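The values are calculated or read from the model by the stated rules, or taken from the named source; none is laboratory data. What you see is a predicted model; the values in this text were computed from it and never measured. FYI the Cβ positions are ideal-geometry reconstructions off the backbone, even for glycines, and counts take in every protein chain you see.
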Amino acid sequence: MTRATLLLTSLALFACSTGDEPGDSSSNSGVTTATVGTDPSTTDDSTTTTGTSTGPTPTTSDGTTTGDPTSTSTTTTTGSTTDEPTGTTGPICDPGQANCVCDGDACADGLECVDGICVPAVACDGDLGEPDDTEANAQDLGEITDDDDITVMADGVLSGAGDVDWYTYHGLDTFGHVAEPTVKVTSSASVRVCQFIECDQGGAVGTEITCPEGTQTALSGALRPGCCGGATFTVSDFNCSGSSDDIQVYVRLDKPTQDECVEYGLVSHN
Ligand SMILES: [Ca+2]
Ligand SMILES: [Ca+2]
Ligand SMILES: [Ca+2]
């Protein structure tokens, strides 16, 4: 009977040991992860092929070959539009003026010296249409008659105290209406508004203006006579030496009372 009990206990121990084995089946996953680590060996093959041309120093030769593709982008072929005769910004660049070298450390009003170049002290978002700081670069608003119901309009921004914005339009002298260049400006800070006039017949010299009350007589850089005043005024008293009162009107906005971004809306009629 004792041999039978030993057989039973040995069977019981065997049953217990085999029952633990199914828990070890998870060790099979370790085999699949180990194969991933063999991939980097492929990169070594590519470097060895380039190294064959130069022999003993393969790593330095690789750096020189990758530097060559930088000379691929050459996209400066769209300069044909600048062939127009209006491209007269000119080679002359006086020290201290906009986009010119600084005059020592100084720049003209409204400009500041940055890295040796005078740039606008304030550059405002939405200040489109620049450069329009001269009559020659005035933004052209087209042509209207002297019917007061027909207007030209523009929205703009004066980028600080140093910015000047010019606009121009052609005013036709038509039957049944009176030519009377009128400007109406609304702005976030007070600005100076000027109207300069040049008759088609007779030119600037043949244009006579009597400025309305509250405005000042002015002469533009191109020697066109005009008036400067507040936001709204009408030049009703002008005379052309010729028979027609067809005119070119130049409107200038500048000198805001605040050296900041000044938004404005311009409405003109003739
Ligand atoms: Ca009119
Ligand atoms: Ca502007
Ligand atoms: Ca301007």
(message) Give me the residue from segment 195-230 that is surrounded by 14 or more Cβ atoms within 10 Å (Cβ to Cβ) and hydroxyl-bearing (Ser, Thr, Tyr) and, out of that set, farthest from Asp133 (Cα to Cα).
(response) Thr207
(request) Kindly establish whether Glu208 is part of a strand (DSSP E or B), under 18 Å from Arg252 (Cα atoms) and modelled with pLDDT of 95 or more. (result) no
(message) Yes or no: segment 171-179 includes at least one residue that is surrounded by fewer than 17 Cβ atoms within 10 Å (Cβ to Cβ), modelled with pLDDT of 95 or more and within 15 Å of ligand 2 (Cβ to nearest atom).
(response) no
(message) Looking only at segment 138-152, filter to residues that are assigned to a loop (DSSP other than H, G, I, E, B) and not acidic (Asp, Glu); which one of those is nearest to ligand 2 (Cβ to nearest atom)?
(response) Ala138
(request) Note down all Cβ pairs under 6 Å where the first residue falls in segment 149-163 and is under 18 Å from Lys255 (Cβ atoms), the second is among the charged types (D, E, K, R) and part of a strand (DSSP E or B), and they're at least six residues apart or on different chains. (result) Gly156/Asp165; Val157/Glu263
(request) Report yes if Leu223 is among the hydrophobic types (A, V, I, L, M, F, W, C) and on the phi > 0 side of the Ramachandran plot, otherwise no. (result) yes
(message) Go through segment 153-167 and report how many residues are in a strand (DSSP E or B), more than 6 Å from ligand 2 (Cβ to nearest atom) and either acidic (Asp, Glu) or crowded, with 22+ Cβ neighbours inside 10 Å (or both).
(response) 3
(message) I'd like to know if segment 244-265 contains one or more residues that are exposed (fewer than 15 other Cβ atoms within 10 Å of the Cβ), more than 15 Å from Val164 (Cα to Cα) and in contact (Cβ under 8 Å) with a residue 40 or more places away in the chain.
(response) yes
(request) Output the qualifying pairs, or none if there are none: Cβ atoms under 9 angstrom, residues six or more apart or on different chains, first residue in segment 113-128 and outside any loop (DSSP other than H, G, I, E, B), second residue hydroxyl-bearing (Ser, Thr, Tyr). (result) Pro120/Ser159
(request) Restrict the check to segment 233-247 and report whether at least one residue is under 19 Å from Thr151 (Cβ atoms), in contact with a His (Cβ under 8 Å, 6 or more places away or on another chain) and within 16 Å of ligand 1 (Cβ to nearest atom). (result) yes
